[in-house]
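Have a look at the structure below before the remarks.
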Amino acid sequence: MPVHKRGDRWHYAFCIRGVRYRGALPEARTKFEAERAETKIRQEAYEGRYGGPTGEKDFAKFVEEVYKPGRGTINVLSTTMRSTSCQ
């Protein structure tokens, strides 16, 4: 179900190539308007214009560089992290 109503707002949720996209559509007043807005967002995601990478570095590389063991800091982030990708 790509669009659904939560309270008085429409929301979208979908996955493309294992990346999850979701958000609110506050300008949509009807299901038709919400579906049209979701289609536009989905098309932009397919074309790579929407939801691109926000940082220059991968998070794992950032952790390795900033929180390396032996720098006098406790290596708190060494625990196993799970990926939250769409299946």
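Criterion applied to THR39, THR73 was being surrounded by 10 or more Cβ atoms within 10 Å (Cβ to Cβ), modelled with pLDDT of 80 or more and not small (Gly, Ala, Ser), and the one residue passing it is THR39.
Scanning the stretch 4-29 for residues that are over 16 Å from the mean Cα position of the chain (by Cα) and either not basic (Lys, Arg) or not in a strand (DSSP E or B) (or both) turns up HIS4, GLY7, ASP8, TRP10, PRO26, GLU27, ALA28, ARG29.
The values are calculated or read from the model by the stated rules, or taken from the named source; none is laboratory data. Here the structure is a predicted model, which is why all the values come from computation and not from measurement. As a convention, Cβ positions derive from the backbone with ideal geometry for all residues, glycine included, and neighbour counts pool all protein chains shown.
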